[in-house]
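Heads up, the thing below is written out as C-alpha cells.
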Amino acid sequence: MRAHSQAFPQRAQVALLDERLQAALAKARGGFVDKRRAALDQLPEFEQLRVAAREIKEHTLSHLEQYLLQFEQQVELSGGKVHWAADPAEACEIAVGLCRDADAQAVTKGKTMVGEEIGLNEALEAASLRVIETDLGEYIIQLAEEPPSHIIAPAVHKSRGEIAELFQAHHHGEEFTRPLETVPDIVDEARKVLRDEFLGADVGITGANMLIADTGSTALVTNEGNGDLTASLPRVHIVIASIEKVVPTLEDATVLLRLLARSATGQSITSYTSFFTGPKRSEDIGGPEQFHVVLVDNGRSEMLGNAFREMLRCIRCGACLNHCPVYGAVGGHAYGWVYPGPMGSVLTPLMIGLDEGHVLADASSLCGRCEAVCPMSIPLPSLLREHRLQSHRDGLMKPLARSMLGFWAAIARRPRLYRWLVERKSRLLHRIAGKRGYLRHVPMAGGWTCSRDLPAPQGGSFVAEWQRRQGNKDDNA
Amino acid sequence: MRVALFATCLVDFMRPSVGFAAVQLLQQAGCEVDVPLAQTCCGQPAWNNGDAANARKLARQMIDVFEDYDHVIVPSGSCAGMLRHHYPTVLAEDSDYSERANQLAARCHELTGFLVDVLGVTSTGAVFDGRLTWHDSCSCLREMQVSRQPRQLLQALQGCELIELPDNEVCCGFGGTFCVKFPEISTRMVTDKVDAIVTTGASTVAAADLGCLMNIAGRISRRELPIRVFHVAELLAGMTDTPAIGEKS
C-alpha cells in the first residue's frame, strides 16, 4: 500500500470537516472507552496481569530466535510448514507461490494487519487470484476499495447508511432486495454472500494473534467466527504472522488473551478463540490438507536491538487508538498508511522510513493516555519522542521551526539577556492588549489565534519583580 | 526547610501573580523560599521537539541553579515532570551530570503535590465563593500522579463547590508546540474541553499548568463565555481579585 503519511496535516484537516466521519468517530470513541472501563472494573488483577504480560513478552523477545525455531519445529512435527520472509516482497511471493502450487483461484481471507502491512491483497490480485475478505469490517472496506481505518474495527469510519449503500451497489440478485435498516439486516446479508465464498475457496489466509512455541499452534481471536471458516474449509490454510507474535506456551497465551479482548472491545473474551495446529489429521472430520505459516520480519529483528524494542510487545488491541484524542479527532485514514493512532505513529516511520513518516510522531500532544491504557505498558510517548530526536538529528524538521527553537534555546541559555527580554516583551504585550486583557491577532502566531485569543501578560518578569521586592525588604531591614 | 521556586518560563512571562501566590503558600506552610535569578526555561520545548543538544544544555544549567536546595517546587505539572522524569534520561550519558540529575529529580515537586504530600497541608485557609471545576493536566495526572492533592486543597476553600469535569482524563489540546503545529486538531480538542467545562455549570475553571490554562482561557475568550480561568495557586492563596487569565481589567 502506498504511504501518504507525509500528507497527514492536510488529510487531518479534510477529516475534521467530514461530518459523516466525525459522527462515526464520536459514536465509536465513547463505546470503546466505556466498555473497556467497565471490563477493567470487573478485573481487579489488571495491574498484575499487565506486569505478567510484560514479563512474558520481554522474556520471549530476549530469546526470540530460540522460540521461533521451537515454533517452526513444532509446526513441522504437526505436519505443517514454516516459511521465513525478511520483507513484504518476500512474504507476498511466498503466499502467492503457495496459492499457485495449490492451483488456487479463489482465496478467502480473515482479518490480518500484517497482510495489510505487506500489501498481500494487491499481490494476490496481481497474480489473478480472486480475494474475498470475510471479516465483516474488512469485507465492507474491500467493497469500498479503502484501507482499514482502525486495527480492530477496520470499517469504524463507515455509518450504517453508507454500508447499506455499498451492499446495494454490490449485491445483486433476488435474495438481496430487502432494505437494510438494522445491523442484523446488514450482518444477515453479508453472511449470505460470504457463505458461498467460504465453500468455494481453495485457500484460506488468516492472521494470528499469537504463535505458541511449544505446541506449534497459531491463535486467532474473532467475534464473527469467519476466521474459523476461513481456516478450516479451504484445502490450504496459510497463516501470515509477524515474528514478535510468538509466546513460549499456551499458559503464556492465556495471560495475553485475558488482557487483549478487555483492552480492545471491553469483552472478557472474544466470541471465538481458536488455536490451529497443523493440517487435518487422518482421524479429523474436516480441516485443511496443508498448513503453512509465513513468518514476516519486515524490520522487526532490527527493532529488537534499537530504541524501539518495547514496541515489539504490542498485541494490537487498539486501546491506544481508542483513547487517543488525535485519532479520535481525525480517524485512521489521515495517518496515510496501515497502522494509525499512537502505535501506528511509532511503527509507520520504522516501516516506511522516517523521512516519509516523521510528521506522524509530531502529531501528538504527548498526553500519555495511550501509555496509561496500554495493556503491555509500552511507553508510546517516549517512542514518539525518540522519532523526534532522530528527525532532529537527520535535519527533517522544517527549517523555520528548527531555527525558532534554536533561537529560543540560545536566549534561555543566557539568563541576563533572557530576563531583560522577558521584562521588555511582557510589558510591551501588556500595553498593546490594554484593558482588554487579551490579543486577538499576533504576528507569526496564526496557529494559536486562528481559534483562540492570546491572554495578555500581566506585565513584567515574576523573577525580576520578586528579586526587587526582596531587595526592598533587605533595604528596609 | 529551604526550598527554591522554579516559576517556569510561562509564569515568569505571563502571570507573575501565580509565582507570588506559590511563594505565599510555601511560606505560609513554613518553608524558607528562594527564587533564583538565573532560572530560565527547563528545556522541555527542546526535548519534546527532538533537540537533544539544547535540552542537555538547559538541563545542566537548571541543575547548576537548583541543586543546592532541599526541594525544588514548580507551579506546573509539565515542567515538574520534565525535571522529575526526563532529566535523568536527557543527561543519562553525561558523566558529570547524570547522578546530579537523578538527585535533583528526586527532590522536585509540583506545588500542590508538595503542599499535601510532603508538608501535610490540608487547608490553605483561603475563601472562594463559587462553583469551580478542575482540569487535570496530562502531566499532573499521569506523569506526576497529582490529582487528589489539588482537589483536596480546593475543597477546603471556604465557600467552594467543586464540580468534576466530564472526560477529565482527556488532553485539552495544548501540548506545547503541538497546538501551533497542528492548530486544527488542537482547536478541536480545546473546543471539546471547553464544551465539557460548560456542561458543569461552573463559573471558574482551574488547573495547575499555565499552558493548558492559556489554551482553555484563549478559547473561552474567543467564544466570549462567562467563565473565569485561574491557576490553582491563585485560588489557594485567595488571589482572585485580580483579572483572571485573559480577562479584561
**OP:** Look at the range A:209-268 and say how many of its residues are out of contact with any strand residue (DSSP E or B) (no Cβ under 7 Å at 6 or more places or on another chain), aliphatic (A, V, I, L, M) and closer than 27 Å to residue A:351 by Cα.
**Re:** 2
Original post:
Taking the range A:249-290, which residues are small (Gly, Ala, Ser) and in a helix (DSSP H, G or I)?
Top reply: A:253, A:261, A:263, A:264
**OP:** Filter the range B:197-225 for residues that are part of a loop (DSSP other than H, G, I, E, B) and within 14 Å of chain A (Cβ to nearest Cβ) and give the result.
**Re:** B:209, B:223, B:224, B:225
Subject >> Within the range B:175-184, considering residues that are in contact with a Ser or Thr (Cβ under 9 Å, 6 or more places away or on another chain) and at the interface with chain A (Cβ under 7 Å from one of its Cβ atoms), the one farthest from residue A:402 (Cα to Cα) >> reply: B:184
Original post:
Which residue pairs have Cβ atoms under 6 Å apart, sit 6 or more places apart or on different chains, and have a first residue in the range A:157-173 that is under 14 Å from residue A:136 (Cα atoms) and a second that is exposed (fewer than 14 other Cβ atoms within 10 Å of the Cβ)?
Top reply: A:159/A:20
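Kindly indicate whether residue A:328 is part of a helix (DSSP H, G or I) and touching a Lys or Arg at 6+ places or on another chain (Cβ under 6 Å). First the steps, then the outcome.
Details: part of a helix (DSSP H, G or I): yes; touching a Lys or Arg at 6+ places or on another chain (Cβ under 6 Å): yes.
Answer is yes for this residue.
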Subject >> Matching residues, the range A:185-213, being more than 30 Å from residue A:128 (Cβ to Cβ) and over 28 Å from the mean Cα position of the chain (by Cα) >> reply: A:185, A:188
**OP:** Having 3 or more residues that are more than 7 Å from every other protein chain (Cβ to nearest Cβ) and within 19 Å of the chain's Cα centre (by Cα) is the bar; report the strands (runs of 3 or more DSSP E) wholly within the range B:1-95 that clear it.
**Re:** B:2-5, B:71-74
**OP:** Inspect the range A:245-253 for any residue being modelled with pLDDT of 95 or more and within 16 Å of residue A:114 (Cβ to Cβ) and give the result as yes or no.
**Re:** yes
Subject >> Hits in the range B:226-249 - residues which are within 12 Å of another protein chain (Cβ to nearest Cβ) and in a loop (DSSP other than H, G, I, E, B) >> reply: B:239, B:242, B:243, B:244, B:245, B:246, B:247, B:248, B:249
**OP:** Give the residues of the range B:5-22 that are surrounded by fewer than 23 Cβ atoms within 10 Å (Cβ to Cβ) and either of a type in the set (S, T, N, Q) or in contact with a strand residue (DSSP E or B) (Cβ under 6 Å, 6 or more places away or on another chain) (or both), sorted by residue number.
**Re:** B:17
Original post:
Could you list, in sequence order, the residues of the range B:139-174 that are without any contact (Cβ under 8 Å) to a residue 60 or more places away in the chain, within 7 Å of chain A (Cβ to nearest Cβ) and farther than 22 Å from residue B:221 by Cβ?
Top reply: B:142, B:169
Original post:
Restricted to the range B:207-223, and to residues that are touching a residue at least 40 places away in the same chain (Cβ under 8 Å) and closer than 14 Å to residue B:195 by Cα, which residue is surrounded by the most Cβ atoms within 10 Å (Cβ to Cβ)?
Top reply: B:215
Original post:
With (1) part of a helix (DSSP H, G or I); (2) out of contact with any strand residue (DSSP E or B) (no Cβ under 7 Å at 6 or more places or on another chain); (3) of a type in the set (S, T, N, Q) as the list, and residue A:121 as the residue in question, which single condition is left unmet?
Top reply: (2)
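Going by the conditions given, is residue B:67 in contact (Cβ under 8 Å) with a residue 60 or more places away in the chain, in contact with a helix residue (DSSP H, G or I) (Cβ under 6 Å, 6 or more places away or on another chain) and either of a type outside the set (S, T, N, Q) or within 14 Å of residue B:42 (Cβ to Cβ) (or both)?
Working: in contact (Cβ under 8 Å) with a residue 60 or more places away in the chain: no; in contact with a helix residue (DSSP H, G or I) (Cβ under 6 Å, 6 or more places away or on another chain): yes; either of a type outside the set (S, T, N, Q) or within 14 Å of residue B:42 (Cβ to Cβ) (or both): yes.
Against the criterion (in contact (Cβ under 8 Å) with a residue 60 or more places away in the chain, in contact with a helix residue (DSSP H, G or I) (Cβ under 6 Å, 6 or more places away or on another chain) and either of a type outside the set (S, T, N, Q) or within 14 Å of residue B:42 (Cβ to Cβ) (or both)), residue B:67 does not qualify.
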Original post:
Consider residue A:391 against the criteria (1) crowded, with 24+ Cβ neighbours inside 10 Å; (2) in a helix (DSSP H, G or I); (3) hydroxyl-bearing (Ser, Thr, Tyr): it satisfies all of them except one. Which criterion is unmet?
Top reply: (1)
Subject >> Residue list for the range B:133-185, restricted to those being surrounded by 23 or more Cβ atoms within 10 Å (Cβ to Cβ), among the small types (Gly, Ala, Ser) and in a loop (DSSP other than H, G, I, E, B) >> reply: B:137, B:173, B:175
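The values are calculated or read from the model by the stated rules, or taken from the named source; none is laboratory data. Keep in mind the model is a prediction, meaning the values are calculated, not measured. Note that we place each Cβ from the backbone using ideal geometry, even for glycine, and neighbour counts take in every protein chain shown.
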